[in-house]
Amino acid sequence: MTGTTGTTTTRPLRAVLRDLRALDGAVYAAVAATPTPTLDTGLRRLSTTANHSKISFAVAGALALFPGRPRRAALAGLGAVAVASASANLFGKRLVRRPRPDREAARVVAGRHVPMPDSASFPSGHTASAVAFATAVGVVLPPAAVPLQVLAMAVGYSRVHTGVHYPGDVAAGAVLGMGSAVVSLAVGASLPRTWRK
């Protein structure tokens, strides 16, 4: 009886997952097939510049020059990047092991190409780190929230545009990034006040 119920429950779930994968692939293919010559170079450069969270580190460095709230925002942002990066690369990618998209089969324009990473596709580590940084900094320093979130969304989209991630990888990375920001902010709030100056 239990076995029958379990099978009945998993069938709809598998069907939903199959449909979501099909939708994910269709959106990826649509992005690949849409000519955007004006955007291609800029998004390729953005995707490459975001490697190893270089953009977040640069922004954090600039914020750290100013004491008080900007410096606390930088610390919270870097903490969130650390949590997001570890979660995506040490756990997410190893658990799911989703293969990278077949960029050649999708005919992604060569002018968009960045090096195809060797790691698994799910979730997008670039997106997780960018969203984590933007969210944590934005909570501590609200005026920075909108520009950093726009930048994080652009980084996430650039990973699909350049053909190295499916949209679902980016969406999962964004959720992971928000969760990582919450963890970083909670840890920061628990630190002694002298550490937070």
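The values are calculated or read from the model by the stated rules, or taken from the named source; none is laboratory data. Since the structure is predicted, the reported quantities are computational estimates derived from the model, not experimental observations. Methodologically, a virtual Cβ is constructed for each residue, glycine included, from the backbone with ideal geometry; neighbour enumeration extends over all protein chains shown. Accessible surface is based on the protein model in full, side chains and every heavy atom, while ligands, DNA and RNA are left aside. Shrake-Rupley method; radii C 1.70, N 1.55, O 1.52, S 1.80 Å.
Using modelled amide H (1.01 Å from N, peptide plane; none on Pro or chain starts), what sits under 5 Å from the amide H of S121, excluding residues fewer than 5 places away?
R98, R100
Counting Lys and Arg as +1 and Asp and Glu as -1, each charge on the Cβ, what is the dipole of the chain about the Cα centre in debye, to the nearest 20?
My answer is approximately 440 debye.
Taking the mean number of other Cβ atoms within 10 Å as a proxy for protection, how do you rank 162-172, 122-132, 18-28 from highest to lowest?
122-132, 162-172, 18-28
How much length is gained if the chain between V175 and R14 is pulled fully straight, taking 0.36 nm per residue apart and subtracting their Cα-Cα distance, in nm to one decimal?
55.8 nm
Just grab the label-to-label distance for A86 and A62, each label 7 Å out from Cα along the Cβ direction, in nm (one decimal).
For the pair A86/A62, the computed spacing is 2.8 nm.
Tilt of helix 167-190 relative to the longest C-alpha principal axis of the chain, in degrees (0 to 90, nearest 10)?
Tilt of helix 167-190: around 30 degrees.
Over the range 1-149, average the accessible area per residue using a 1.4 Å probe and give it in Å², no decimals.
Values: 8660 Å² over 149 residues.
Result: 58 Å² per residue.
Express the carbon and sulfur contribution to the solvent-accessible surface of the chain as a percent, rounded to the nearest whole number, probe 1.4 angstrom. Each step should come with its number before you reach the end.
Working: 7520 of 10920 Å².
Percent of accessible area from carbon and sulfur atoms in the chain: 69.
Could you tell me which label, among (1) 1, 8, 15, 21, 19, 12, 9, 6, 3, 2, 1, 1, 0, 0; (2) 1, 8, 15, 17, 16, 13, 11, 8, 5, 3, 2, 1, 0; (3) 1, 8, 17, 21, 21, 16, 10, 5, 1, 0, 0, carries the value of P(r) over Cα pairs in 5 Å bins from 0, in percent calculated for this structure?
Looking at P(r) over Cα pairs in 5 Å bins from 0, in percent for this model, the match is (2).
Over the chain, what relative contact order in percent results from Cα pairs under 8 Å that are six or more residues apart?
Relative contact order here is 29 percent.
Determine ³J(HN,Hα), in whole Hz, for all residues of the range 73-81 in sequence, where each value follows from phi through the Karplus function 6.51 cos²θ - 1.76 cosθ + 1.60 and θ = phi - 60°; x replaces Gly and Pro.
Computed from phi, the couplings for the range 73-81 are 5, 4, 5, 5, x, 5, x, 5, 4 Hz.
Can you list the HN-Hα couplings for the range 17-32, worked out from phi with the Karplus curve (6.51, -1.76, 1.60; θ = phi - 60°), rounded to whole Hz and with x for Gly and Pro?
So the J values, rounded to whole Hz, are 4, 4, 5, 5, 5, 5, 5, 4, x, 5, 5, 4, 5, 5, 5, 4.
Which listed residue (V150, A84, A120) has the Cα farthest towards the positive end of the charge dipole for the chain, taking +1 on Lys and Arg C-beta and -1 on Asp and Glu C-beta about the Cα centre?
A84
Relative to the first principal axis of the alpha-carbon coordinates of the chain, what is the inclination of helix 54-64, with its axis defined by its Cα atoms, in degrees from 0 to 90 and to the nearest 10?
Helix 54-64 sits at roughly 20 degrees to that axis.
What is the set of long-range amide H partners of T36 at a cut-off below 5 Å, with H atoms built 1.01 Å from backbone N?
Amide H to amide H, under 5 Å and 5 or more residues apart or across chains, T36 pairs with nothing.
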